[in-house]
1. How large is the direction-averaged shadow of the alpha-carbon convex hull of segment 55-134, in nm²?
2. State, to one decimal in nm, how far the label point of residue 276 lies from the label point of residue 2, with both points 7 Å from Cα in the Cβ direction.
3. Would you mind telling me the antiparallel percentage of the DSSP bridges in the chain, rounded to 5?
4. Take the alpha carbon atoms of segment 169-222, find their radius of gyration, then divide it by 2.2 N^0.38 Å using N residues; give the quotient.
5. For a test of the definition: using alpha carbon positions, the gyration tensor, and the 1.5 limit on a/c, classify segment 225-294 as rounded, prolate or oblate.
6. Using only the alpha-carbon atoms of segment 1-105, report the extent along each of the three principal axes, biggest first, to the nearest angstrom.
7. Given 10 Å bins starting at zero, what is the percent of C-alpha pairs of segment 123-189 in each, up to the one with the largest pair distance?
8. What FRET efficiency comes out for residue 27 versus residue 187 if R0 is 30 angstrom and r is the Cβ-Cβ distance? Round to the nearest 0.05.
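Every read-out reported here was derived from the displayed coordinates using simple, explicitly stated rules and does not represent laboratory data. Just so we're clear, the structure is a prediction, and the values are computed from it rather than from any experiment. Glycine also receives a Cβ, built like all others from the backbone with ideal geometry; neighbour counts cover every protein chain displayed.
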């Protein structure tokens, strides 16, 4: 069983700030760091560290050996990464305040080329389409454009298709909903989607729905049943990537044959441990660390 994560790759620029800037405000950062992230990479790293076999499918910019080395250092195979000569690798500027809350601005860069009509990317997407089987999982997020076709192709084969509706965009979610098995949203995105579809969140037409609620845990809706992830109390340092850590660990739990409740509890512990560390992909805990946590 393999988890294929079709998703973004970003160079993350972190700025430690006393508070998140208001419109028109200029503030001075007390610390600057760089790391690797993007919702796709974060979810791939989380699933890989949870113990599943992972293939990350995405794109980097011109001659970006540094990013490929970062991916390898994080344990990811780079055979499925397209190198795009006409653009740069995606970037994210992340401000993190004294309470661990963040504000993020993203430049898509090479992530925007991950579509079926791009001559460099298409062979990789065709390879994914050919290799996925009914025992595999496809993970998607709303930071690349190639999602609906691959979601439908993999769902038609009987694969599990998990889609994180972030950054939220109503049209994109409507387009992909018929082709996924599990929709992942946080509490804010759940409200946005309910308003977009003019329905209660529990009535959204998707087989399974996972709503993450930060320090309040998470809930999973399936066939009229609701499962809850027990919240884990920690002192947050940086909440960046917590939802992606949850999603990646949850997918890995299902991939490894764990029950829904076991997968939820595993993911909740992983996300809680993540927020006690600064950074994104490099701060995601290993399975051994999660198993030993509390």
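1. 7.2
2. Distance between label points: 3.5 nm.
3. Details: 23 of 55 bridges.
Around 40 percent of the beta bridges assigned by DSSP in the chain are antiparallel ones.
4. For segment 169-222, the normalised Cα radius of gyration is 1.05.
5. Prolate, since a/c reaches 1.5 and a/b exceeds b/c.
6. That gives 46, 34, 20 Å along the principal axes, largest extent first.
7. In order of increasing distance, the bins hold 22, 55, 21, 2 percent.
8. 0.65
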